[in-house]
Every structure is written in structure tokens, then in C-alpha cells.
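The values are calculated or read from the model by the stated rules, or taken from the named source; none is laboratory data. Keep in mind that this is a model prediction, so the values were computed, not measured. Please note: Cβ atoms are built from the backbone with ideal geometry, for glycine as well, and neighbour counts cover all protein chains shown. Quick note on the areas: whole protein, heavy atoms, side chains included, nothing else; ligands and nucleic acids left out. Shrake-Rupley method; radii C 1.70, N 1.55, O 1.52, S 1.80 Å.
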Amino acid sequence: MSNSSPLRGKRIVLGVGGGIAAYKSVELMRRLMDCGAFVSPVLTKASLRFVGETTFSALGSESARTSLWDAGDPIPHTRLGQQADLVLVAPATADLIARYAAGIADELLTTTLVATNAPVVMVAAMHTEMWQHPSVVENIATLRRRGVVVIEPEIGRLAGGDIGVGRLASTGSVVEIIEEIFDGSTRALSGRKVLVTAGGTREAIDPVRYIGNRSSGKQGIAFAKAAARYGAEVTLVCTVPFESEPGINVIEVESAQEMFEAVSDAAGGFDLVVMAAAVADFRSKEISPTKIKKSHGAPQLVLEPTPDILAYLGSVKPKNQVLVGFAAETGGVEAEARRKLKDKNTDFVVANNVLEQDAGFGVDTNRVTLVFEDSALVLDLDDKRRIANRVLSFVAEWAGKNGVWSD
Ligand code: C5P
């Protein structure tokens, strides 16, 4: 049992929808209770075809409820809705999402959703085709506009053996997002405009070859997703493929020059810029219009510097903008980061040592030091998603304390 969890003592209504992933909400309920939450299970009629009421009654903090019309409690929906600190729906099916978006209150769970002022989290799970259907996409956009947190499904094996996006997010990530909500950070970027760059640039030599680097774009994309989850309107300037998500507008670029143009055009209007891309420092001075032939011998490449996008942004930075740069180093990490902080006029530098095997390029984890003013915050090894969450929470709090975002 975790004593430090922000879920401790919180009342959570756990709504279970009628999807095959309903069996996973048993485990989710246990994890929430392990964190010290008081969990009231509410099962839809359809969910009872997948899971049993007894299981949830036996394991929940109180008996499972399945009906608006239980004897002895004439208004369970208002009681549940008013007392809840959070209503969590897992799995949230296409049907439940549609009913909630339309304000339909036709059974205990939907009535509780309409009757509550507590934050609502919907953990979506359904078949890929359903998830991509325009009605589902629009209903989710509607719910998000109203402040509902929708946790998107993951890619994996689905009912019937299909593989695709649709699988319920892992219990660990759902619990983590709920902890963030109770930590008060989730809407930390609500109404903010955030620009994130991600991936390594490619500098063409000829139509086939380029000078590149090992950046996978994972950390930058994690920043874009975290900012969107925190309520920001995000622009992601990216060199790696990224299927657009609600709240994230993607601009695909390849070279440092293209990234410079995409970023410099709009940079002034952003409250926060996270320059996570690994931008090449040099490019070939000449780009051959045709493939350079091996038979002509080793070519002599003459390099020239690329525009330093971050330094440019630092030089034109408006007062109310927070600028975050990155420093991928192979030694003297903090000193290098501090030098960049000053030279490029950034507010923060996220520094890491790319020689560490479990941090930096390509892997899903990172170990970073957030360097700012005359201080530094060391974040231990963690997955890139959590690193992004923690950096953004910290930066948003710092901006608030320092009056950078005065509105
Ligand atoms: O000086 P260095 O390349 O190590 O700085 C890294 C930081 O500067 C990163 O945030 C990177 O996105 C940014 N950068 C840039 N334009 C360049 C080179 C780096 O914006 N040409």
C-alpha cells in the first residue's frame, strides 16, 4: 500500500462499460484501492455480459451498483456524483462515449456522469474501426472540449485476434494519469499554446543520402502528448512520422532549414517552446541533384553550419514565453547545459548523457537534469512519458510563480 499516493482517501466512482476489456477494470480497481482510494463500482448493463457484479462487490470498497432503481437508495446517481472526487470509466466503449457526449442519462453510470461536477476520465477501448469512426472522433473531441480526460487506447491484440489500436491503456498508465489529476497538474497548460520540435533532422547530400543523427523523436513526442494532456493547444514540428491526435497539430519537416522556417514563422505566438529536436549543426554546402556515383570516387563534402533555431528563438523571445532547450552530451553534462542556457537565452535546458545505455537516443527511458537559473532538478531514470510530465509540471509551476504567464 502506498502512503504517499495522491489517491489516498479519494472517492472514485469506477464505471465499467460493456467491452471485453471490462475484465481489466477488476485489476484497475485493486490498484486504485492499493493507492488508498475508496472505490465505488458502477457496472453498466452491457458490462454484466463480460464481468460479474459479485467480483466487483467482493473487491471494491463498497458493493457494486448496476441500477438506478435499487431499493433503499432512490437517488444513487446524485449521491455517487456529488460525493465523487473523480469518475473513472474503464472501459469507455464507443456507445458510452456517445451517450455521455449527448448527455443521455439512461442508466446509473450515464446518469452519474451527467450528475457530477467531479473530474471525469474515460479510458477508451474498442476495435480500431470504431475508434477511427468519425462519430467517435467527434464525440471524443466534444468531451475533451468540456474538460473530460480521454485516455486513448494502445496498440495491441484485440478481441477476435485482430491487432491494432484499441486496447485499454495499461493499468499503470491509467493510475499514473489519475495521480496527476489529484496532484493538480493535469490542466497546468490549459489554454496555453505550446510548440514542440521532435526528431533528428536530415540534411541531404543527394536525392538518396543524408547526414542524420540517432534521435528517434520519442522524447519530443512524449512532450507534445503530455502538453496536450495538460490542456495545451500543441504544434508539433517533427521529422518522424506521427499520426495526428486531438490537440496536436503536426507539421512534418526534414531539414534544419525547414524546421527553422516552420518554427520561426509562428514562434512568437507560443507560451512555451520545447525544442527537443536533434537539429544537425552542419549540412552539405552543395546538394547534388542526382545520385553521387560510387564509380566517381569518394566525394569531398564541404559542410556549412545550419541555422541555430534555439539560439534564434532565444534572441527574439517575448517576455511571456518560456523557452526550453535540450543538451544531449557525452560528458560534463550540467556544465554544458548551463553554458547553453546562457548562450541561447533559454529558461530551461533538459540535459542528458547520451552515452548511458538506458537513457537518450532510441530507448523508451531517459535520465535527465533540468537546468535553470542557478539551480538544477535531477530526474532519475524514468520512461520518457513521465519525464515529459514531470518537466512540464515543473516548468508550468515555475512560469506561474515567476509571473511569466501573467494572464
Ligand atoms: O548546441 P546544441 O546543438 O548542443 O544545442 C542543443 C539544443 O539546441 C537543442 O534544444 C536543439 O534542438 C537546439 N538546436 C537548434 N538548432 C541547431 C542546433 C541545435 O535549435 N542548429
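Within the range 29-65, can you find the residues that are small (Gly, Ala, Ser) and assigned to a helix (DSSP H, G or I)?
Our first condition is that a residue be small (Gly, Ala, Ser); within the range 29-65, this holds for 36-37, 40, 46-47, 52, 57-58, 60-61, 63-64.
Those that are small (Gly, Ala, Ser) and assigned to a helix (DSSP H, G or I): Ala46, Ser47, Ser57, Ala58.
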Item to check | Selection from the range 352-378 of residues that are within 14 Å of the ligand (Cβ to nearest atom), among the β-branched types (Val, Ile, Thr) and at pLDDT below 85 | outcome: Val354
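Take the residues in the range 159-177 that are of a type in the set (D, E, K, R) and more than 11 Å from Val123 (Cβ to Cβ); name whichever of them is surrounded by the most Cβ atoms within 10 Å (Cβ to Cβ).
Glu176
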Next on the checklist: I'd like the full set of residues that are within 9 Å of the ligand (Cβ to nearest atom) and touching a Lys or Arg at 6+ places or on another chain (Cβ under 6 Å), limited to the range 298-324.
Outcome noted: Thr306, Leu310, Ala311
Checklist entry - Is at least one residue of the range 182-198 of a type in the set (Gly, Ala, Ser), modelled with pLDDT of 85 or more and under 22 Å from Pro241 (Cα atoms)? => result yes
Checklist outcome for this item: Flagged pairs (Cβ under 9 angstrom, 6 or more apart or on separate chains; first in the range 1-23, at pLDDT 90 or above; second of a type in the set (Phe, Trp, Tyr) and part of a loop (DSSP other than H, G, I, E, B)) are Val16/Phe50; Gly18/Phe50; Gly19/Phe50; Ile20/Phe50; Ala21/Phe50; Ala22/Phe50; Tyr23/Phe50
Checklist entry - Taking the range 9-33, which residues are farther than 15 Å from Glu62 by Cα and open to solvent by 30 Å² or more (accessible area, probe 1.4 Å)? => result Ile20, Tyr23, Lys24, Glu27, Arg31
Checklist outcome for this item: Per the list (1) open to solvent by 30 Å² or more (accessible area, probe 1.4 Å); (2) within 16 Å of the ligand (Cβ to nearest atom); (3) in a loop (DSSP other than H, G, I, E, B), residue check on Ser215 breaks on (1)
Next on the checklist: Checking Val279 against (1) of a type in the set (Val, Ile, Thr); (2) open to solvent by 20 Å² or more (accessible area, probe 1.4 Å); (3) more than 9 Å from the ligand (Cβ to nearest atom): exactly one of these is not met. Which one?
Outcome noted: (3)
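Report whether or not Ala262 is crowded, with 20+ Cβ neighbours inside 10 Å and within 15 Å of the ligand (Cβ to nearest atom). Outline the logic, then answer.
Numbers: crowded, with 20+ Cβ neighbours inside 10 Å: no; within 15 Å of the ligand (Cβ to nearest atom): yes.
When the stated conditions are applied, Ala262 does not pass them.
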Next on the checklist: Which residue is farthest from Gly199 (Cα to Cα), if the candidates are limited to the range 327-351 and must be more than 9 Å from the ligand (Cβ to nearest atom) and either in contact with a helix residue (DSSP H, G or I) (Cβ under 7 Å, 6 or more places away or on another chain) or not assigned by TED's automatic domain parsing to the domain that holds Leu381 (or both)?
Outcome noted: Asn345
Next on the checklist: Tell me yes or no: at least one residue of the range 124-137 is open to solvent by 20 Å² or more (accessible area, probe 1.4 Å) and closer than 27 Å to Phe394 by Cβ.
Outcome noted: no
Checklist entry - Any chance the range 379-399 includes a residue that's buried (at least 19 other Cβ atoms within 10 Å of the Cβ), in a strand (DSSP E or B) and within 15 Å of the ligand (Cβ to nearest atom)? => result no
Item to check | Flag if Lys285 is more than 15 Å from the ligand (Cβ to nearest atom) and of a type in the set (Lys, Arg) | outcome: yes
